[in-house]
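The structure under discussion appears below in the form of C-alpha cells.
The values are calculated or read from the model by the stated rules, or taken from the named source; none is laboratory data. None of the values given here were measured: they were computed from a predicted structure. With ideal geometry, Cβ positions are generated from the backbone for all residues, glycine too; neighbour counts draw on all protein chains shown. The accessibility values were calculated without ligands, DNA or RNA, using every heavy atom of the protein model including side chains. Shrake-Rupley method; radii C 1.70, N 1.55, O 1.52, S 1.80 Å.
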Amino acid sequence: MEEIVTRLKDAVINYEMETIADLAKQVVDQGVDPLVAIEQGLAEGIKTVGERFGKGEIFLPELVMGAEAMKAALAVLEPAVPQGQHRATLGKVVIGTVQDDIHEIGKNLVSTMLSSNGFEVVDLGVNVPAADFLKKAGELKANILAMSALMTTTMPRMGEIITPLKKDNPSVKTLIGGAPVTDVYAKEIGADEYSGDASGAVDSAKNLVG
Amino acid sequence: MRGIRFQILSKEDLDRIHWGTLHILEKVGVQVDSPTCRKLLNENGCEIDEKKRSAKIPSHLVEEAIRKKKSTITLAGRNPKYDARLDLKHSHMCANGNGAVAVDFDTGERRNSTKKDLIDSTTICDALPNVHVHWPMVSSTDMPPSVVHLHDLEASLNHTEKHVMYETGVTLEDAKNLTAMGYAAAGGEKEYRRRPITSCLQCTYAPLQHDAGVMDASLEFARSGVPLVFFCMPQPGATGPASLVGSVVVGNAEVLSALVMTQLSTPGAAVIYGLGIAPLDMRTTVRAGGSPEHAICSAMGTEMAHYYGMPSCVGVSGTAKEPGIQAAIETYTGCVGPLLAGADLMCGIGLLEDSSCLHLEQVVIDDEIVGAIARLIRGEWACDDTMALDIIEKVGIGNNYLAQKHTMQFLRTDHFMPSLMSRESEDNWSKTGKKTVKDTAREKVKKILAEHKVPSLPDDANRELTAIIDKVKKPLWGGESKVQ
C-alpha cells in the first residue's frame, strides 16, 4: 500500500480533523486511486477506531472525532472517484427524526456509529415530515430507513411512515429508536429492527442488510 | 424547617455563572423557533436573525424578567391538605413522569404502558407520605394517539388529590385543552387561578434552543394562570460542555431566556427554575440519570435558582433495569445531593431505565429511600425539649428511658421508622420467609391498591373532561406538511 494511504488511515486513527483534508488533496494530486484511498485508508482507519470504542479503550468523543476526520477526507476524495465507480459500503441508510420532534443527539450518534461501521448515511435532519422520509427512501434507493422520536407524542408518526413504505417500497427495511421506543412498540408498528442505544443500532443495521 | 444545607458554589461562583450567562445570551443568543416569540423579543429590543431564527437578548431584559419572577409558588392540591408550597425553604418530592413502558405487576412482562398502569401508579403516589406532587408516571399508550396526554391528565386528576404536574403541553392546542381540563377539575377558571391544581413542565432544547410549539404553549399557560417549570437538560460532553459548570451556564441561559419571553408576555407569571443536567455515558450513549454528576448539577441548579429567588425543580432518574441494588444506589445518590442543597421540587422517583419504565415496587421503595434522606437532612437543634435535661435528671444514673413520655413523643419526630427494610433478628427473618425489600414492597403495593380509595372528581367535572377529550380525538396523524 502506498505510504500516503497509510498516512490517511493514521490520520483517522489520530482524529486529525483539521488537517486530514489537506492530506486527502495530496492523495488526489499524486494520482492515487481515490477508491483505494477510501477503502484501504479511511475505512480501515475508522474500523480501528470503532473496534477500540467497542472494547471500551476509547470513548464517544474520540469516535465522533474519528468519524469527523473521515467525513472531511471523504468530501475531498468522493468527488474524485471516476463516474460509474462506487465505494464499497455495507448499505445506504436514510435517517431522520420524525415531524414535530427536534431531539437529534441520539439520531446523530446513530449516524456516526453507522458511518464508522461501513454504512453510507444520508441524514435528513429533524422535524422531517412523513412525505419526505418516503420520497427520499425511494429516490436514494435506501437499504434502510432509520427514524427516531424522543417524545411519546411524536412516536406514533414512525408507524404512519412504515405502513405506506411497506406498500410502496417493500425492499426498504426500517430501523427505529428513541427514548420512549421499545422492542414491543417496534413490533406493534411493524418496524424491522429496533435499538435501545446507538451502539446497538449498528448490529441492528447489519442484521437488516446481512 | 431548619434543614441541613451544603453549599457547592460560593457567592463569587454564582456571580460568575450569572454574568457568564448574560454574556452568552447577548453574544450567542438562543434559537427561538416560534415566530410569535421572536416578534415579542424583537419588540422589546432583542437582536433577531430571522434566517437563523435566533435572538440575542440584552442583559437588562434578563434582569427585568428576574425582578418580575415569583419567589413563592403554591402547587395546590385538589385537597388543600396536599398543597405544596415552594418557598425556597422546604423540599417536596414528585414521582417521575411519562415513561412509555411498564413491567406488569402480576406477570412480570415488560410491555407498553396502559391507562390502567397510570391509574395504579397514581393511586400509589396518592397513598405515599413522601410523594407530595404527582406526575403522570406513564403514558396511556392504549388510548388513541391524539388524546393520550388528555387521558393521562384525566386519570391523574381522578386518582390523586395531590397537585398534578404534566409535561405534555407541547403545542398551543395541547395547552388550551390541558388548561380547559384543569379549569373543569378545579370548578372553573376563577377557582383555578386562585388555586392552580395543575402545572406544566416544559423542556428547553440543548444547546440554546426553544421549540416553537413548546414556547407558544408556554405563553398560553402563563396567560391562563398555569404554573410553569422551564426545565433545561444539556448533557455534559454532548449537548453541553463536559465541565459540569459549563453545562450549568448553557442550561441557565435556556431557562433565563424562556423566563424573559414568559415575563414579557405575562408579567408576574409563576415560573419554576428547572434543571436536569446528566452526562451522556460516553461508552453506552445512554443518559446517566442516576449519576453523581446529575445530583451535583441539580444541587448547583438549585443554588442558581435560589440566587435568583426562584423555586427549583430538579430530578433523578436511575438507569437500573430492575428494582434492586443499582436502583437504590441511583435513587439515593440522585436525591441526597439536591435535597441537601434545598431543592424545592425533586422529581424522578419510581421509574427505571432513565425515566422510561414503571415498576410499581420501585415507587414504594423510592418513597422509603426519600423518607430516610428526609430524616438525614432534617437538621438537629439544642433547645429545652431536645436537650431533655429534666428527663435526664429524672431518670438518673443506670436506669432507662423506655417508660418516659418524652421517649414516646420524640420517637415519632426524631426516629425514622422504615416500612420496607427489615430490622428484625436473623432468626425471625428466616422464619418469616427471608423477605427482601422487593418482597415487602410488593406486599405494600398490593395493600395500597386493595385498600386505598381516592375520591373521584365530581360527576359534572368528569362530564366536562370527557367532552374535551371527545372533541380533540381525531384520526391518526399523517400527511401534514412541514411546519417552519
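Counting protein heavy atoms only and a 1.4 angstrom probe, how many square angstrom of accessible surface do chains A and B bury in total, to the nearest 100? Can you show the working numbers first?
Working: alone 10410 and 21750 Å², together 29710 Å².
Interface between A and B: roughly 2400 Å².
Per residue of A:149-161, what is the mean number of Cβ atoms on other protein chains within 10 angstrom of that residue's Cβ? Before the final figure, lay out the partial values.
Details: counts 0, 2, 7, 14, 12, 3, 5, 8, 5, 0, 4, 5, 1.
Mean shielding by partner chains, rounded to a whole number: 5.
Does the stretch A:92-209 come out rounded, prolate or oblate, given a ≥ b ≥ c as the square roots of the eigenvalues of its C-alpha gyration tensor, rounded meaning a/c under 1.5 and, failing that, prolate meaning a/b above b/c?
Values: a/c = 1.21, a/b = 1.03, b/c = 1.17.
In terms of gyration-tensor shape, rounded.
Starting from the 7 Å offset along Cα-to-Cβ, what nm value, one decimal, do you get for the label separation of residue B:111 and residue B:12?
Modelled inter-label distance: 6.0 nm.
Would you calculate, for chain B, the mean residue ellipticity at 222 nm contributed by helices, counting each DSSP H stretch of 4 or more residues as -39,500 (n - 2.57) and dividing by all residues, to the nearest 500? Before the final figure, lay out the partial values.
Details: 18 runs with 223 residues, N = 484.
So the calculated ellipticity at 222 nm is -14500 deg cm²/dmol.
Just from the alpha-carbon atoms, what are the Rg and Dmax of chain B in angstroms?
23.4, 84
If you bin every alpha carbon distance in chain A into 5 Å steps from zero, what whole percent lands in each bin?
Bins of 5 Å from zero give 1, 8, 16, 18, 18, 14, 12, 8, 4, 2, 0 percent of pairs.
If you line up the Cα atoms of the stretch B:183-325 on their principal axes, what length do they span on each, largest first, in Å?
51, 35, 28 Å, listed from the longest principal axis down.
How high is the relative contact order of chain B? Use alpha-carbon pairs under 8 Å, at least six apart in sequence, and give a whole percent. Mind dumping the intermediate values first?
Values: 1017 pairs, mean separation 87.8, N = 484.
Once normalised by length, the contact order is 18 percent.
Per 20 Å bin, what percent of the C-alpha pairs of the protein assembly as shown does each bin hold, from zero upward?
P(r) over the protein assembly as shown, rounded to whole percents: 17, 48, 28, 7, 1, 0.
From the phi of every residue in the stretch B:130-136, what ³J(HN,Hα) in whole Hz does the Karplus formula 6.51 cos²θ - 1.76 cosθ + 1.60 yield, where θ is phi - 60° and glycine or proline is x?
9, 10, 9, 10, 10, 10, x
How large is the charge dipole for the stretch A:3-80, taken about the Cα centre, if only the Cβ atoms of Lys, Arg (+1) and Asp, Glu (-1) carry charge, to the nearest 20 debye? Walk me through the numbers on the way to the answer.
Working: 7 positive and 14 negative charges, 34 e Å.
Roughly 160 debye for the stretch A:3-80.
Indicate, rounded to the nearest 5 percent, the antiparallel portion of the DSSP beta bridges found entirely in chain B.
Values: 15 of 46 bridges.
Once the DSSP bridges in chain B are tallied, antiparallel ones form about 35 percent.
May I ask you to give the percent of accessible area on the stretch B:48-158 that is carbon plus sulfur, with a probe radius of 1.4 Å?
Details: 2070 of 4070 Å².
Carbon-and-sulfur percentage of accessible area, whole number: 51.
Return the carbon/sulfur percentage of the accessible area of the stretch A:3-80, one whole number, probe 1.4 Å, all protein chains in place. Mind dumping the intermediate values first?
Numbers: 1880 of 3700 Å².
So the carbon and sulfur contribution to the accessible surface is 51 percent.
Quick check: net charge around residue B:288, other residues with Cβ under 9 Å of its Cβ, Lys/Arg +1 and Asp/Glu -1?
-2
List the residues of the stretch B:84-104 that lose 20 Å² or more of accessible area once all protein chains are present, compared with their chain alone (1.4 Å probe, heavy atoms only, no ligands or nucleic acids).
Residues meeting the cut-off: B:100, B:101.
Tell me the carbon and sulfur percent of the accessible area for the stretch B:178-334, rounded to whole percent, probe radius 1.4 Å.
Percent of accessible area from carbon and sulfur atoms in the stretch B:178-334: 59.
Among the residues of the stretch A:44-90, which ones have their accessible area go down by 40 Å² or more when all the protein chains sit together, as opposed to their chain alone (1.4 Å probe)?
Flagged in the stretch A:44-90: A:59, A:60.
What net charge do the residues around residue B:437 carry, taking every other residue with its C-beta under 9 Å from that of residue B:437, with Lys and Arg at +1 and Asp and Glu at -1? If you can, show how the numbers build up before the last one.
Details: positive: B:435, B:438; negative: B:361, B:368, B:439.
Residues close to residue B:437 contribute a combined charge of -1.
How many partner chain Cβ atoms sit within 10 Å of a residue's Cβ in peptide B:140-152, on average, as a whole number?
On the way: counts 1, 8, 0, 0, 1, 8, 2, 0, 4, 2, 0, 0, 1.
Mean number of neighbouring Cβ atoms from other chains: 2.
If you put +1 on each Lys and Arg Cβ and -1 on each Asp and Glu Cβ, how big is the dipole of the stretch A:92-209 around its Cα centre, in Debye rounded to 20? Before the final figure, lay out each step's value.
Values: 11 positive and 15 negative charges, 67 e Å.
Dipole about the Cα centre, nearest 20: 320 debye.
Quick check: from the Cα gyration tensor, does the stretch A:28-116 come out rounded (a/c under 1.5), prolate or oblate? Present the calculation step by step, with values, prior to reporting the outcome.
Values: a/c = 2.39, a/b = 1.40, b/c = 1.70.
Oblate, since a/c reaches 1.5 and b/c is not below a/b.
Residue B:165's amide H: which non-local residues (gap 5+, or another chain) put their own amide H closer than 5 Å, with H modeled 1.01 Å from N in plane and none for Pro or chain starts?
Here the answer is B:134, B:135, B:199, since their amide H atoms fall under 5 Å of that of residue B:165.
Let me check I've understood the local charge: for residue B:341, count other residues with C-beta under 11 angstrom from its C-beta, Lys and Arg +1, Asp and Glu -1. What total comes out? Kindly include the intermediate steps, with their values, before the conclusion.
Working: positive: B:5; negative: B:303, B:344.
So the surrounding residues net to -1.
If you wrap a convex hull around the alpha carbons of the stretch B:259-402, what volume per residue comes out, as a whole number of Å³?
Values: hull volume 26.4 nm³, N = 144.
Taking only Cα atoms, the stretch B:259-402 has a hull volume of 183 Å³ per residue.
Is there a simple number for the mean count of other chain Cβ atoms within 10 Å of the Cβ of residues in B:281-288, and what is it? Before the final figure, lay out each step's value.
Details: counts 3, 8, 7, 7, 14, 6, 3, 0.
Partner-chain Cβ atoms within 10 Å, mean over residues of B:281-288: 6.
From the Cα gyration tensor of the stretch A:3-80, with a ≥ b ≥ c the square roots of its eigenvalues, which class applies: rounded if a/c is under 1.5, or else prolate if a/b is larger than b/c, or else oblate? Numbers along the way, then the final one.
On the way: a/c = 2.41, a/b = 1.93, b/c = 1.25.
Cα axes put the stretch A:3-80 in the prolate bin.
Whole number in Å², please: accessible area per residue of the protein assembly as shown, 1.4 Å probe, ligands, DNA and RNA not counted. Intermediate values should be presented prior to the final figure.
On the way: 29710 Å² over 694 residues.
Each residue of the protein assembly as shown exposes 43 Å² on average to a 1.4 Å probe.
Where does helix B:115-127 land angle-wise versus the long Cα axis of chain B, in degrees 0 to 90, nearest 10?
Once rounded, the angle reads 50 degrees.
Per-residue counts of other Cβ atoms within 10 Å, averaged by peptide: what ranking do you get for B:225-234, B:248-257, highest first? Please report the intermediate quantities before stating the final value.
Working: B:225-234: 25.1, B:248-257: 26.9.
Order by mean packing, descending: B:248-257, B:225-234.
Normalised by the residues of the stretch B:91-204, what does the relative contact order come to in percent, with Cα pairs under 8 Å and at least six apart? The partial results should precede the final answer.
On the way: 189 pairs, mean separation 26.8, N = 114.
For the stretch B:91-204, the relative contact order is 23 percent.
From the backbone phi of the stretch B:258-266, what are the Karplus-calculated ³J(HN,Hα) couplings (6.51 cos²θ - 1.76 cosθ + 1.60, θ = phi - 60°) in whole Hz, Gly and Pro given as x?
5, 4, 4, 4, 5, 6, 5, 7, 10
With a 10 Å radius around each residue's Cβ, average the other Cβ atoms per peptide and rank A:134-141, B:158-165, B:25-32, highest first. If you can, show how the numbers build up before the last one.
On the way: A:134-141: 15.6, B:158-165: 24.8, B:25-32: 19.9.
Result, highest mean Cβ count within 10 Å first: B:158-165, B:25-32, A:134-141.
How much mean residue ellipticity at 222 nm does chain A get from its helices, if each DSSP H run of length 4 or more adds -39500 (n - 2.57) and you divide by all residues, to the nearest 500 deg cm²/dmol?
Values: 9 runs with 104 residues, N = 210.
For chain A, the value works out to -15000 deg cm²/dmol.
Starting with the highest mean, order B:40-47, A:90-97, A:166-173, B:69-76 by the number of other Cβ atoms within 10 Å, averaged over the residues of each peptide.
A:90-97, B:69-76, B:40-47, A:166-173
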